[in-house]
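Q: Okay, here's the structure, questions in a sec.
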Amino acid sequence: MTPRKTDIHFPIYLDNHASTRVDPRVVQAMLPFFTEQYGNASSSDHRFGWYAKEAVDMARRRIAKTIHAEPNEIIFTSGATESNNLALKGIAETYRDKGNHLVTCATEHSSVLDVCRSLELSGFRVTVVPVDWAGRIEMDAFEAALTRDTILVSVMAANNEIGTCAPIEALGRMCRSRQILFHTDAAQAFGKIQLNVRTQCIDVMSLSAHKIYGPKGIGALFLRRSNGGVRLMPQVDGGGHEWGLRAGSLNVPGIVGFGEAAHLAESVYDAERKHLAMLRDKLEQGITESRDVIVNGDTENRLPNNSSLTFFGITAKELMSEVREIAISTGSACTSEDIEREEYSHVLKAIGLDSEQAKSTVRFGVGRFTTENEIDYTVARITAYLRQHRAAAALATVKNYSTRDR
Ligand code: PMP
């Protein structure tokens, strides 16, 4: 099928796990806070400050509502990396007297795993629970890892490379019954799967705006205040902002954009999930019709926009350099330098892929602004390339064979 070109925007963007286009409605909401209402939200002496504070309060309420939290449980940060750092380091330091053990999972984002490594250097013990071939946390190993010394568990709600979603509520309940704090990195899950900090027994959760069509450089940490609350040692000291937990003048335009993006994500939730899954399934079915492709992750329980595919006989680099008009990636944007160094994704390693398979793996991430024609074009382009590549490889084998015979 020849795709209609009409609503295809080149280059076609299929890297929505790395970041998303800021929704034009979000941009509109943010603009006045650069040019007209540019006050500091902490300036309590004039209307510029009051207006900025009102806008921040509204964004805080909107974000809290989407996860069933209270507004005073939302602490603004610069993104999920900072939120993960604040959660893990801040809790470990605060609860050190109670125990020195943390539990996490092999497929976590580097902003969790690297923090765990740095905590190990300062005397904490960390158990990294393995996952199965689909990226699902091994529940028996998880339960066995929880000890009297465990103060904190950190397991991501959804994986950024293979899209596998964790059984958050089951994990949260297991932690709650043992009085262990439960943190989840929901940077990818936010807006795509239901998050309810109350019913899912989540104590601390990291969020990021730029994964939900908001701006980069703004995120939040949910911190439970009810039932005694969770205490946390601040990692940035200064002017006492955010209840003394994260100092620094608030990024008012960013916060307003984050609030608007969260509000939009909530209002289009069902329709968007359907739209993303329809596009992803169409893409995946189209490409996997060629038999030399496998789908990674838990296809039963996966982010609706994610497709991680391993192409046999073709490296991701080869494929990406051939289809330059399509923006796809080898995996996490945060570890793409590792690929340059010929190291490979810890997530793909954890699900059992060897280095050859990992180097042949491409992550596709559809998004709110992806069109069906873009998917048709991508399928046609990639399958044509696969056919051509296979024919060339077959020809090379025949040539080799016939020269050997002679
Ligand atoms: N956690 C996960 C699961 C992510 O996908 C990302 C972004 N790649 C982060 C954390 C870091 O988020 P940010 O860019 O907001 O620091």
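Q: Which of the three applies to segment 207-270, rounded, prolate or oblate, going by the alpha-carbon gyration tensor with a ≥ b ≥ c and a/c under 1.5 meaning rounded?
A: oblate
Q: Need one number: nm distance between label points at Asp97 and Tyr38, each 7 Å from Cα along Cα→Cβ, rounded to one decimal.
A: For the pair Asp97/Tyr38, the computed spacing is 4.8 nm.
Q: For the chain, what is the calculated [θ] at 222 nm in deg cm²/dmol (nearest 500), taking -39500 (n - 2.57) for each run of four or more DSSP H residues and dividing by its residue count?
A: It comes out at -12500 deg cm²/dmol, rounded to the nearest 500.
Q: Direction-averaged shadow area of the convex hull around the Cα atoms of the chain, nm²?
A: Its Cα hull, projected and averaged over all orientations, spans 22.8 nm².
Q: In addition: If you line up the long axis of helix 80-94 against the longest principal axis of the chain, both from Cα atoms, how many degrees apart are they, to the nearest 10?
A: 50
Q: Excluding same-chain residues fewer than 8 positions from Lys317, which lysines have a Cα within less than 23 Å of its Cα?
A: Lys349, Lys359
Q: Turning to a different aspect of this structure: Which of rounded, prolate or oblate describes segment 126-241 when judged by the alpha-carbon gyration tensor and an a/c cut-off of 1.5?
A: It comes out oblate by the Cα gyration axes.
Q: Work out the charge dipole of the chain with +1 on the Cβ of Lys and Arg and -1 on the Cβ of Asp and Glu about the Cα centre, then indicate which of Phe76, Gly244, Ile193 is farthest towards its positive end.
A: Ile193
Q: Would you mind computing Rg(Cα) / (2.2 N^0.38 Å) for segment 176-251, counting N as its residues?
A: 1.21
Q: Could you check how much of the accessible area of segment 181-258 is carbon and sulfur, as a whole percent, using a 1.4 Å probe?
A: 51
Q: Taking the Cα atoms only, what angle lies between the long axis of helix 168-177 and the longest principal axis of the chain, rounded to 10 degrees?
A: In the chain, helix 168-177 runs at an angle near 40 degrees to the longest axis.
Q: Now for a different question. Would you mind working out the accessible area per residue for segment 188-298, using a 1.4 Å probe, and quoting it in Å²?
A: 39
Q: If you don't mind, there's one more thing I want to ask. Between Arg176 and Asp354, 0.36 nm times their residue separation minus their Cα-Cα distance comes to what?
A: Using 0.36 nm per residue and subtracting the Cα-Cα distance, I get 60.4 nm.
Q: Within the P(r) computed for segment 168-324, what percentage of the Cα pairs occupies the region above 29 Å?
A: So the portion of pairs separated by more than 29 Å is 37 percent.
Q: Residue-wise, which Karplus ³J(HN,Hα) couplings in Hz belong to segment 251-261, taking 6.51 cos²θ - 1.76 cosθ + 1.60, θ = phi - 60°, and x for glycine or proline?
A: Along segment 251-261, the couplings run 7, 4, x, x, 5, 4, x, 4, x, 5, 5 Hz.
Q: When only Cα pairs under 8 Å and 6 or more residues apart are kept, what is the percent relative contact order across the chain?
A: Relative CO of the chain lands at 24 percent.
Q: Sticking with this structure for a sec: More than 15 angstrom separation, counting every C-alpha pair in segment 10-75; what % is that?
A: The answer is 66 percent, as a whole percent.
Q: Longer than 30 Å from Cα to Cα, which of Lys89/Lys282; Lys53/Lys211; Lys98/Lys192; Lys89/Lys192 are they? Say none if no pair is.
A: With Cα atoms farther than 30 Å apart: Lys89/Lys282; Lys98/Lys192.
Q: In addition: Accessible area of segment 103-152 with a 1.4 Å probe: how many percent of it is carbon plus sulfur?
A: Carbon and sulfur together cover 52 percent of it.
Q: Still on this structure: Kindly report the accessible area of segment 1-143 per residue (heavy atoms of protein chains, probe 1.4 Å, no ligands, DNA or RNA), in Å².
A: Heavy-atom accessible area per residue stands at 51 Å².
Q: What number comes out for the charge environment of Lys282, summing +1 per Lys or Arg and -1 per Asp or Glu over other residues with Cβ under 11 Å away?
A: Local net charge: -4.
Q: Can you give the Kirkwood hydrodynamic radius of segment 52-97 from its Cα pairs, in Å with one decimal?
A: 12.0
Q: Per the 1.4 Å probe, what fraction of the accessible area of segment 269-381, in percent, lies on carbon and sulfur atoms?
A: Percent of accessible area from carbon and sulfur atoms in segment 269-381: 46.
Q: Of all the Cα-Cα pairs you can form in segment 76-126, what percent are over 13 Å apart?
A: Across segment 76-126, Cα pairs with separations above 13 Å total 55 percent.
Q: Which percent of Cα pairs goes in each bin when the distances of segment 189-232 are cut into 5 angstrom slices starting at zero?
A: Taking every Cα pair in segment 189-232, the percentages come to 6, 19, 26, 21, 16, 10, 2.
Q: Cα centroid distance between segment 25-64 and segment 66-94, in Å?
A: Segment 25-64 and segment 66-94 have Cα centres spaced 21 Å from each other.
Q: Okay, next question. Tell me whether segment 1-136 comes out rounded, prolate or oblate; compute the Cα gyration tensor, take square roots of the eigenvalues as a ≥ b ≥ c, and use a/c under 1.5 as the rounded threshold.
A: oblate
The values are calculated or read from the model by the stated rules, or taken from the named source; none is laboratory data. It should be emphasised that the depicted structure is a prediction, and the values quoted were computed from it without experimental measurement. We place every Cβ from the backbone using ideal geometry, glycine too, and count neighbours over all the protein chains shown. SASA here: full protein model, heavy atoms, side chains in, ligands and nucleic acids out. Shrake-Rupley method; radii C 1.70, N 1.55, O 1.52, S 1.80 Å.
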